[in-house]
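Bear in mind these aren't lab numbers, they're just calculated from the coordinates by the rules spelled out. From a predicted model like this one, the values you see are computed outputs, not experimental measurements. No Cβ is skipped: glycine too gets one built from the backbone with ideal geometry, and neighbour counts run over all protein chains shown.
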Amino acid sequence: MSQHTDTSQYVSPLSTRYASSEMQFVFSQDNKFRTWRKLWIALARAEQRQGLPITDTQIAEMEAHAEDINYPDALRREAEVRHDVMSHVYAYGLQCPTAAGIIHLGATSCYVGDNADVIAMKQGLTILRRKLLNVISLLADFADAYRGLPALAYTHLQPAQLTTVGKRATLWIHELMMDLEELDHRINSLALLGSKGTTGTQASFVELFSGDSGKIKKLEHDIATQMGFDKVAPVSGQTYSRKMDYMVLSTLSGIAQTASKFSYDLRLLQGFKEMEEPFEKSQIGSSAMPYKRNPMRSERISGLARYVMVDALNGAITAASQWFERTLDDSANRRLSVSEAFLASDAILNLMMNVCDGLVVYPKVIHARVMNELPFMATENILMDAVKRGGNRQELHERLRLHSQAAASVVKEEGGPNDLLERIASDPAFGVTLTDCRRILQPANFIGRSLEQVEEYLAEVVRPVLQQNAALLGEKPEITV
């Protein structure tokens, strides 16, 4: 149960159970309205630099109240005018009486609304990037530690050949690295809306600057620079293209897809008793079955990932349904879909960091399961050895097929051990002893280049990226429940 004080009101579990305080602040009222004020200050500075009669005193007054939002004044005004931006312009003006007349000069609501949204998305993506790198780092260490431990590999969830525990981990890492590449591209591609005006034509600024396009362009890029961006949307309607929201949400969906794949794999491995997520001493796995150790964190990753993947559709539908220069049906949807996708993605990566920092491996179980299947996988090697000694490949292949089916029947229908090697050793057509057969059954001989692939992948692809971002590593998040 959460510690929220008012238990009669709905509270999002993303706030109380899942997302970090850091990510919640990014989409908080404080961050939003402080960013609005920073944008108004940036606008005033840029307009002053382009010759408008704005004084240093007015800007200093605005800067003095950039952080202390007078919410009661804004709320009272919004109840009257039903417009959040104008309510905050009014409230800011009460604190800055000298500057009141130039706050929001020439701008439309989307100047603060859309630009602040882009800034928040960049802040959120930067947090997710750091956490993604930490997950990659933990899994890289795990892959390295188990790079040579043979394990069953599957196709169709049926034992196929052998891999290694570390090699399987590189498959998880590879998808995370793909997500990192996409995330970096998305961060670098973000552009502010800039100062485009009511329909994107900058008509109000044409009026302010007497038609001087040079000053208008300098104004816009000055604002972007002050807010830490190197680009603005080259053209727009009143808003930035809602396709940008879709692209950001798609990036988050990609992270969720990777996390879900990882969590499903781990849940299956925990069912096989080969691996487990961390399990705390006093943790209860089941209310009815005291012996159970349910993969609760991995299940939570799967559930949250499903939410993020579905949520990405909001961005697609919103982008597709905009009319001309803008409509307002995007607003209510975006307030929910964008922020909650970030909060859920943050929770997913927190859980992944926690799980990957304490993965439990049971080598003896893994070995026993390998040895139960390896006789089937070794038949090709046994066949080649027998052919080298003069046997007929086609005849021997048929005999192996019959022996394999009989051994599989013992395992599946009788619940007995795999006796394929004994059957082969007792068949004079093969001319091998049981000792000869068992000599062939060394799991390390059946993992292909798994060990080398892990070493090469980590050294050539993963470690260089982690070294470049070493200052961001070592995070250990707290998770709730």
Under the rule of -39500 (n - 2.57) per DSSP H run of 4 or more residues, summed and divided by the residues of the chain, what mean residue ellipticity at 222 nm is obtained, to the nearest 500 deg cm²/dmol?
-> -20000 deg cm²/dmol
Taking the Cβ of each residue in Val11, Val411, Val248 as the centre, tally the other Cβ atoms inside 10 Å and list the residues starting with the fewest.
-> Val11, Val411, Val248
Estimated inter-spin distance, Trp323 and Lys364, nm [label 7 Å along Cα→Cβ] = 7.1
Sorted from fewest to most neighbouring beta carbons within 10 Å, what does the list Met353, Met275 look like?
-> Met353, Met275
Most packed first (mean Cβ within 10 Å per residue), the peptides 442-450, 425-433 order as 442-450, 425-433
At R0 = 51 Å, FRET efficiency that the Cβ-Cβ distance of Thr201 and Ser8 yields, to 0.05 | 0.55
Rounded to the nearest 0.05, what FRET efficiency do Glu456 and Ala332 have when you use their Cβ-Cβ distance and R0 = 41 Å?
-> 0.25
Quick one: Cα centre-to-centre distance for the stretch 113-136 and the stretch 180-197, in angstrom?
-> 11
With a 10 Å Cβ neighbour count serving as the proxy for reagent exposure, in which order, fewest first, do His104, His397 appear?
-> His397, His104
From the cross-link list Lys32/Lys218; Lys261/Lys476; Lys122/Lys476; Lys38/Lys122; Lys32/Lys231, the entries with a Cα-Cα span beyond 19 Å are Lys32/Lys218; Lys261/Lys476; Lys122/Lys476; Lys32/Lys231
Inter-centroid distance (Cα atoms) of the stretch 309-356 relative to the stretch 454-476, Å | 29
Modelled FRET efficiency - R0 56 Å, Asp230 with Val310, Cβ distances, 0.05 increments | 0.95
TM-like helix rule applied to the chain (DSSP H, alpha carbon span at least 18 Å on the long axis, mean Kyte-Doolittle at least -0.5) gives 109-145, 165-189, 243-272, 296-320, 329-356, 363-377
From the Cα gyration tensor of the stretch 37-149, with a ≥ b ≥ c the square roots of its eigenvalues, which class applies: rounded if a/c is under 1.5, or else prolate if a/b is larger than b/c, or else oblate?
-> prolate
Nearby aspartates and glutamates by direct alpha-carbon distance to Lys215 (threshold 17 angstrom, same-chain neighbours under 8 apart not counted) | Glu47, Glu207
